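Notes for the one structure printed next.
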Amino acid sequence: ALRYLPYLNKDGWLVTNTKPYMNIPNYPEMEKVMAELNKLPHKVLLDVETVAKEIGSPRTANMVMLGAATPFLGIDYEKIADGSIFRRKGDEIVSVNLKALQAGYEIATKV
């Protein structure tokens, strides 16, 4: 998230996971990362993996993140839900993905 902060509009919202994907050897200390992120006036910081596990499927972490970003995209929630669920995967998969999307959405709308 820190790499892209210069591109964030001053009125924009940052939506990010609090558990980083550490893909570089010199990743900054999380305390420093969080200190920078906490300076932002508009942010949604969430542990998507924990939320996904609470939903019942760790594999839905991306849907949690999409749900959290939805209030800031300018697209109706219903359109996101209808367009992002793979119906061919079966009712159980659809149901858990919709729960994950809704969980992320609810977290973001409370902020």
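Within segment 95-111, the set of residues being of a type in the set (A, V, I, L, M, F, W, C) and surrounded by fewer than 16 Cβ atoms within 10 Å (Cβ to Cβ) comprises V111 only. For segment 64-94, the candidate set comprises residues that are farther than 23 Å from P20 by Cβ and open to solvent by less than 50 Å² (accessible area, probe 1.4 Å); within that set, the residue that is modelled with the lowest pLDDT is I85. For segment 7-63, the candidate set comprises residues that are in a loop (DSSP other than H, G, I, E, B) and β-branched (V, I, T); within that set, the residue that is surrounded by the most Cβ atoms within 10 Å (Cβ to Cβ) is T18.
The values are calculated or read from the model by the stated rules, or taken from the named source; none is laboratory data. None of these values were measured; they are calculated from a predicted model. For neighbour counting, all protein chains shown are included, and Cβ atoms are generated from backbone atoms with ideal geometry for every residue, glycine included. What goes into the accessible areas is simple: the full protein's heavy atoms, side chains included, and nothing from ligands, DNA or RNA. Shrake-Rupley method; radii C 1.70, N 1.55, O 1.52, S 1.80 Å.
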